[in-house]
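Nothing in this text is a laboratory measurement; each read-out follows from the coordinates by a stated rule. Values in this document were obtained by computation on a predicted structure and should not be read as measured data. Here the Cβ positions follow ideal geometry from the backbone for every residue, glycine too, while neighbour counts run over all protein chains shown.
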Amino acid sequence: MADTHSHGAASGTGWGRIDKAWLASGMILAVLLLADTGQFTETLIFAARALGNTLPIIAFAVLAIGYLKATGAETTIAKAFEGNEVQMVVMAALLGGLSPFCSCEVIPFIAALLAVGTPISAVMAFWLASPLMDPAMFIVTAGALGVDFAVAKAVAAVALGLFGGFVTMAAKGSPIFADPLREKPQVGGCCGVKKPFAGKPEWRFWTMPERRETFRAAVLENAVFLLKWLVLAYLIESLMLAYVPADWIAGILGGTGPMPVIMGAVVGAPAYLNGYAAVQLVDGLLAQGMAPGAAMSFVIAGGVTCIPAAVAVWALVKPRVFAAYAGLAVVGALLAGFAWGAVAGVV
């Protein structure tokens, strides 16, 4: 489950109503127009061409999201948390990366699971896997970075969930995971979420007017969301290619050995804008000399520790559990980076 909702356009007046992604894109173009007219034109052409090439992928992605939302397929995710603990961890990791939840929708869902006694190990598996991949993210990643990288990231998402879930299961008797919930966890969300576990999937959603409306709203919302973040990402990618020396990127994130992978994870956590924007940024960084293993550690560490995903965890559990979540994410990102670097023949 990668984040597929905007968190920047808060309701209200003034500054809160300005979408920060569109604002950033406008500021980039304004500065270029004033400071470097030639590059302004080049950046517009680059972004327009890249967006045109991506439009079929965007269309498929938003239609897939709309279908998942309209059918109510996300309600089936609860079935992953049935059975014995080992089975729950495995199913939570497998389904976490496929669910159509946005990061804030995870909050009431997980709160409900924890309230009914779901083991923290299964919750941890779902939490770690869910921000990294969903069907739309897979399509966008495959289009920009190749099917091999998209498949590897999906495998890494599931593997990270399994790793975190089983480590948590082994340590569940330790003080770290004892009484994990905050006294009054926040269960609200910014996406107008519905009650977890309510209803059942309706695969022929077009026969029901309210579900057709859900499909229309989801397609429109996510089309705007993807467009604004991809526009910003393409603008930044163009600036990186124009102004950031390839030797500088290659010197920090390129080459062989463990250091590029470590630096990818270190840089990825604070630099991550959004899962979809990150795909295009990584594409630009790879063109500048970034090592494949560093690219993988960047997207894994950044995806799990990005603000929406981290807030979903922080809102529900005590700081020591959150620290375990972050630590497992970083370790998993490094392992994924080393593995992908080895497969790519770099490390």
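Pulled fully out, how much extra length does the chain show between L33 and V147, if you take 0.36 nm times their separation in residues and subtract their Cα-Cα distance?
Between L33 and V147, full extension yields 37.4 nm more.
Could you give the nm distance between label points at A59 and M259, where each point is 7 Å from its Cα heading toward the beta carbon?
4.7
Among M137, M27, M88, M259, which comes first, then next, by fewest other beta-carbon atoms within 10 Å?
If I rank by nearby Cβ atoms, fewest first, I get M27, M259, M88, M137.
If we count every other residue with Cβ under 11 angstrom of V282's Cβ, Lys/Arg +1 and Asp/Glu -1, where does the sum land? Intermediate results must be reported in sequence, preceding the final value.
Values: positive: K153; negative: E237, D283.
Its environment carries a net charge of -1.
How much length is gained if the chain between W248 and I176 is pulled fully straight, taking 0.36 nm per residue apart and subtracting their Cα-Cα distance, in nm to one decimal?
21.8 nm
If the cut-off is 18 Å between C-alpha atoms, which aspartates and glutamates fall inside it for K69, apart from same-chain ones fewer than 8 positions away?
Reachable aspartates and glutamates: D3, E105, D134, E202, E210, E213, E221.
Cross-link list K172/K318; K153/K228; K153/K318: which exceed 26 angstrom alpha carbon to alpha carbon?
Beyond 26 Å: K153/K318.
Cβ under 14 Å from A144's Cβ, A144 left aside: what net charge do those residues give with Lys, Arg +1 and Asp, Glu -1?
For residues surrounding A144, the net value is -1.
From the phi of every residue in the stretch 332-337, what ³J(HN,Hα) in whole Hz does the Karplus formula 6.51 cos²θ - 1.76 cosθ + 1.60 yield, where θ is phi - 60° and glycine or proline is x?
x, 5, 5, 4, 5, x
Between N84 and W206, what length comes free when the chain is fully extended (0.36 nm per residue of separation minus the Cα-Cα distance, one decimal in nm)?
Fully extending the segment from N84 to W206 adds 40.2 nm.
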